[in-house]
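The values are calculated or read from the model by the stated rules, or taken from the named source; none is laboratory data. Note that the coordinates shown come from a computational prediction; the quantities given were computed from them, not determined experimentally. Every residue, glycine as well, gets a Cβ built from its backbone with ideal geometry; the counts of neighbours run over all protein chains shown. When the accessible area is computed, the model is the full protein with side chains, heavy atoms only, and any ligands, DNA or RNA have been set aside. Shrake-Rupley method; radii C 1.70, N 1.55, O 1.52, S 1.80 Å.
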Amino acid sequence: VDGLVTMSRLDAGVDRDEFYPTNLNYVAQFAVTETNVQAEAKGLVLETQLAPDVPSINGHQRYLVLALSHLLDNAIRHTATGGAVTIRTEFTGNTIRLMVTDNGEGIDEDALRHIFERFYRNDKAHTTPGFGLGLPIAQKIANMHGGILSATSQVGVGSVFTLTLPYEAKPPTEA
């Protein structure tokens, strides 16, 4: 139900007045804190590699944490015990990337085309929890920030989900 409510709120649009300077390294650390217990219970290594030069963007912190939490939750659920999940930030000058990498089961090419569709689940037997809304919610949050969410994967090797957000440097103000 929470996922449906969140998707409805995102579909209705988020007030830009709720966007504030947001440090994406902090967002990444907060999302890791939210999912750490889940990773530890599964015996996974949850690692961060945060670039020190990542600037703040004008964003909705709560929704950005939610997007990364969904990506981390997905990676944790699809990585076998003893595996690893890494969240990394990277600043390229005009974009900021937040990447969630796992060495889990991977996603086949056919399923990869559908993973951002609402209610799509690659688990045909429905043995894993969820309703197929986590990735569409994360994608919607990326879009509301002018960014994109993409994925690459290889079966038996793992997946990389990349949230790419635009960065616009603000001119210095005159004193």
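Summary table below
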quantity	calculated
Single residue of the range 52-70 satisfying the filter (touching a helix residue (DSSP H, G or I) at 6+ places or on another chain (Cβ under 9 Å) and farther than 19 Å from residue 149 by Cβ) that is most open to solvent (accessible area, probe 1.4 Å)	52
Within the range 1-40, considering residues that are surrounded by fewer than 11 Cβ atoms within 10 Å (Cβ to Cβ) and aliphatic (A, V, I, L, M), the one modelled with the highest pLDDT	37
Residue match in the range 157-175 (condition: modelled with pLDDT under 75, surrounded by 12 or more Cβ atoms within 10 Å (Cβ to Cβ) and of a type outside the set (Val, Ile, Thr))	no
Residue 43 open to solvent by 50 Å² or more (accessible area, probe 1.4 Å), at pLDDT 90 or above and closer than 26 Å to residue 156 by Cβ	no
Search result, residues across the range 113-138 that are at pLDDT 75 or above and open to solvent by less than 40 Å² (accessible area, probe 1.4 Å)	133, 134, 135, 136, 137, 138
Among residues of the range 141-158, those that are in a strand (DSSP E or B) and closer than 16 Å to residue 64 by Cβ, counted	2
All positions within the range 31-58 that are closer than 21 Å to residue 139 by Cβ and in contact with a Pro (Cβ under 8 Å, 6 or more places away or on another chain)	57, 58
Filter result (open to solvent by 20 Å² or more (accessible area, probe 1.4 Å) and within 24 Å of residue 42 (Cα to Cα)) within the range 71-103	73, 74, 77, 78, 80, 81, 82, 84, 86, 88, 101, 103
Residue in the range 88-97 that is assigned to a strand (DSSP E or B), within 20 Å of residue 168 (Cα to Cα), among the hydrophobic types (A, V, I, L, M, F, W, C) and out of contact with any strand residue (DSSP E or B) (no Cβ under 6 Å at 6 or more places or on another chain) present	yes
Yes/no for residue 106 being surrounded by fewer than 17 Cβ atoms within 10 Å (Cβ to Cβ), modelled with pLDDT under 95 and more than 18 Å from residue 166 (Cα to Cα)	no
First in the range 37-55 and within 30 Å of residue 94 (Cβ to Cβ), second anywhere and open to solvent by 70 Å² or more (accessible area, probe 1.4 Å) and of a type in the set (Lys, Arg), Cβ under 6 Å, 6 or more apart	49/88
